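Below is one structure, written out as structure tokens, with a few remarks after it.
The values are calculated or read from the model by the stated rules, or taken from the named source; none is laboratory data. Predicted model, so just to flag it, every value in this text is computed and none were measured. Cβ placement follows ideal geometry from the backbone for every residue including glycine, while neighbour counts extend to all protein chains displayed.
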Amino acid sequence: MARILVVEDEVDLCKILQFNLEQDGHQVDIANSAEEAMKMDIPSYDLLLLDVMLGGISGFRLATLLRENPQTAHIPIIFTTALGESSDVVRGLEAGGDDYICKPVRISELKARIRAVLRRCAPQQGREASVENGVMFLGIALTIDPEQKAAFADGIDLKLTKLEFEVLRLLFSNSPKVFSREQIVSAVWPSDVIVTDRTVDVNITRLRRKLGPLGSCIKTRIGYGYSFEIE
């Protein structure tokens, strides 16, 4: 099963989560603060269960730091928090969360969501192993490898998050088709996660930034959505 790091400042809740997840066969470690978690070997974990309202560095801030680090950018994150407003959910997703669970946590729901996130993020068997056709723009070669779930510019890994990779692959593979925000959400985000237009725009902005000069290939079609086009 998976190696899971639970970052939670409620000691009793940590014990409950650790016991129940280990019953499912997972290997579970505990950190009672973001600062403690950052001293651990985070790249070795398959998933983080992250509280938001931590003392010191918040869960949102920790997630942002992990997404900015190429060694941890790919690790799935599930937020657990008492903050249940839609604005809080959006903020969590924009910080790089793959899912968001409001407290009190129902163990059966948590286990199901963990399985779903791990399933979505796991390498898919039987997928093509070859690199998809690349493009050359401004002297830079962009290629997407579906097996590695990675995009490369002149052979250098762009270190995209899962959502950034899936958005790029959708637009890239269907160039120059224009996708509405609703179509992008439907194709990329899980159906049980609330996503707003702003969340899509934020991920597009981050993707453009990571693509560098190639970011100009992602076009905004006002009133319609986004496309990938080579001028």
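Couple of notes before you dig in:
- Just one of (1) surrounded by fewer than 17 Cβ atoms within 10 Å (Cβ to Cβ); (2) out of contact with any strand residue (DSSP E or B) (no Cβ under 6 Å at 6 or more places or on another chain); (3) not aromatic (Phe, Trp, Tyr) fails for Gln27. It is (2).
- On the stretch given as segment 90-112, residues that are surrounded by fewer than 22 Cβ atoms within 10 Å (Cβ to Cβ) and more than 21 Å from Leu13 (Cα to Cα) total 3.
- Residue count, segment 86-121 (criterion: closer than 23 Å to Thr196 by Cα, in a helix (DSSP H, G or I) and among the small types (Gly, Ala, Ser)): 4
- Filtered residues of segment 18-42 (kept if part of a helix (DSSP H, G or I) and either in contact with a Cys (Cβ under 8 Å, 6 or more places away or on another chain) or closer than 24 Å to Leu65 by Cα (or both)): Ala34, Glu35, Glu36, Ala37, Met38, Ile42
- Within segment 37-53, being out of contact with any Lys or Arg (no Cβ under 7 Å at 6 or more places or on another chain), within 20 Å of Ile16 (Cα to Cα) and modelled with pLDDT of 90 or more holds for Ala37, Leu47, Leu48, Leu49, Leu50, Asp51.
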